[in-house]
Amino acid sequence: QVQLVESGGGLVQPGGSLRLSCAASGIIFNNYAMGWYRQAPGKQRELVATITRGGNTNYVDSVKGRFTISRDNAKNTVYLQMNSLKPEDTAVYYCKANLSPPLGINVNYWGQGTQVTVSS
């Protein structure tokens, strides 16, 4: 019922750009904070960017100034615009939806990921 589907990954040269999309279904999208995570070869999964229900954003230091997370609630979609890409950005990128009701139980949903490869 709940589904997060990432798209937009691919192969790009260093310095290039990609825009990832994550389309959500089966949830009331406005109630969820959204995030992008990535897992590089031989590394643990790390948080890349988050956006709250109200549109506040946060980024891991390594992507600040290069990546932008945004959401379109009318389309139930979250985006990650990635500019000035570096080889170290190479990873599988995952979309996450998070519900955190006060005095309630947190709920997380994950997409299956999309591959981003930055190489010359």
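The values are calculated or read from the model by the stated rules, or taken from the named source; none is laboratory data. Keep in mind it's a predicted model, so treat the numbers as computed, not measured. Neighbour counts are summed over all protein chains in view; Cβ atoms, including those assigned to glycine, are modelled from backbone coordinates with ideal geometry. Note: accessible area is taken over every heavy atom of the protein model, side chains too, but ligands, DNA and RNA are not part of it. Shrake-Rupley method; radii C 1.70, N 1.55, O 1.52, S 1.80 Å.
The figures follow:
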{"read-out": "Candidate aspartates and glutamates for bridging to Lys64, where Cα separation is under 16 Å - those fewer than 8 sequence places away on the same chain excluded", "value": "Glu46, Glu88, Asp89"}
{"read-out": "Rel. contact order, % - alpha carbon contacts under 8 angstrom, at least six apart, the range 53-94", "value": "29 percent"}
{"read-out": "With DNA, RNA and ligands ignored, accessible area of Glu6 (1.4 Å probe; Å², nearest 10)", "value": "20 Å²"}
{"read-out": "Computed over the chain: relative contact order in percent, which uses C-alpha pairs under 8 Å that are six or more apart", "value": "35 percent"}
{"read-out": "Potential extension, Ser7-Tyr109 segment - 0.36 nm per residue separation minus Cα distance", "value": "35.1 nm"}
{"read-out": "With eigenvalues of the C-alpha gyration tensor scaled by 5 and rooted, the range 71-113, Å", "value": "26, 15, 9"}
{"read-out": "HN-Hα J in Hz across the range 45-58 - Karplus 6.51, -1.76, 1.60, θ = phi - 60°, x for Gly and Pro", "value": "5, 10, 6, 9, 7, 10, 9, 7, 4, x, x, 6, 10, 9"}
{"read-out": "Using θ = phi - 60° and Karplus 6.51 cos²θ - 1.76 cosθ + 1.60, couplings along the range 92-99 (whole Hz; Gly, Pro as x)", "value": "8, 9, 10, 9, 10, 10, 10, 10"}
{"read-out": "With all protein chains modelled, accessible area of Thr52 [1.4 Å, Å²]", "value": "50 Å²"}
{"read-out": "Cβ charges +1 (Lys, Arg) and -1 (Asp, Glu), total dipole of the range 28-120, debye", "value": "60 debye"}
{"read-out": "Semi-axes of the equivalent ellipsoid for the chain, Cα gyration tensor, largest first, Å", "value": "25, 14, 14"}
{"read-out": "All aspartates and glutamates inside 16 Å of Lys86 as judged from Cα atoms, apart from same-chain residues fewer than 8 positions distant", "value": "Asp61"}
{"read-out": "Estimated vicinal HN-Hα couplings, Hz - the range 76-90 in sequence order (Karplus 6.51, -1.76, 1.60; Gly, Pro = x)", "value": "6, 9, 10, 10, 10, 7, 10, 10, 6, 5, 10, x, 5, 7, 4"}
{"read-out": "Protein-only accessible surface order, largest first, of Arg19, Arg53, Arg71, Arg38 at 1.4 Å", "value": "Arg53, Arg19, Arg71, Arg38"}
